[in-house]
Amino acid sequence: LSSQVNQLPLVTTQNPFTVSWSRLDKMGGSVTYDVQYRAGRDGQWVDWLTDTTQTSAQFGLAQGGKAYYFRSRARMGNTAEPYPDGDGDTYTTVKIVLSGRVLDNKGRPVNQATVAAAVPDKGVSAASVGTTDGQGSFSLELPLSGTYEVAVSKQGFGSLPPKAIGV
């Protein structure tokens, strides 16, 4: 009797995201699964799903900037395989993505503007920096949830104060 949580991508921007698991042995019979997770490498294993016949579910407990580890065990009647040791079966790190558009005062997209997001109270001067495209669009990966100051600049444009955005 054996099971495994299927491989997750090393990084995901999806939250919630799908976790799936499967039975590895070829034995017959009705099986249920227990699935655990832990937040971070040093976190405690927590029961997420117990005694379920499902083989996938949406994990919606994630916080951005953290790695989540998963492990499963199969159960048949009173027999259960042991959980795998160490880091479990697989893990993924949840990234926060801040995206938007930069427009001028006439509502036109601004191309090649620099967008910088920083956490002022954490002493992080530039957590993420990007450049807008021809449509004025940008996308920044942020390491942590919290409040960021977002500043936009482009040579030849006037300056505006940074805007605080909670993510």
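The values are calculated or read from the model by the stated rules, or taken from the named source; none is laboratory data. Fair warning: this is a prediction, and the values are worked out from it, not measured in the lab. Counting neighbours? That spans all protein chains shown, and the Cβs are built from the backbone with ideal geometry, glycine included. Surface areas here come from the heavy atoms of the whole protein model, side chains and all, with no ligands, DNA or RNA. Shrake-Rupley method; radii C 1.70, N 1.55, O 1.52, S 1.80 Å.
The 3J(HN,Hα) values that the Karplus relation (6.51, -1.76, 1.60; θ = phi - 60°) gives for the stretch 21-38 are, in residue order, 9, 8, 8, 9, 7, 9, 5, x, x, 7, 10, 10, 10, 10, 10, 10, 9, 9 Hz. Gly and Pro appear as x. Amide H contacts for Trp48 (H built 1.01 Å from N in the peptide plane; partners 5 or more residues away or on another chain; cut-off under 5 Å): Val35, Gln36, Tyr37.
Calculated FRET efficiency, Ala57 to Gln135, Cβ-Cβ distance, R0 = 45 Å: about 0.80 to the nearest 0.05. How high is the relative contact order of the stretch 42-100, in percent, counting Cα pairs under 8 Å that sit 6 or more residues apart? Relative contact order, the stretch 42-100: 35 percent.
Cα-Cα pairs above 19 Å in the chain: how many percent?
The answer is 63 percent, as a whole percent.
A cut-off of 5 Å between modelled amide H atoms, ignoring neighbours fewer than 5 places along the same chain, links Ser2 with Leu24, Asp25. Computed across the stretch 25-93, the Kirkwood radius stands at 12.9 Å (inverse of mean 1/r, all Cα pairs). Averaged over its residues, the chain has an accessible area of 58 Å² per residue, based on protein heavy atoms and a 1.4 Å probe. A cut-off of 5 Å between modelled amide H atoms, ignoring neighbours fewer than 5 places along the same chain, links Gly64 with Ser145.
Pairs of lysines in the chain whose Cα atoms sit within less than 20 Å of one another amount to 7, provided the residues are eight or more positions apart or on different chains. In whole percent, how big is the carbon plus sulfur part of the accessible area of the chain, probe 1.4 Å, protein atoms only? Answer for the chain: carbon and sulfur cover 47 percent of the accessible area.
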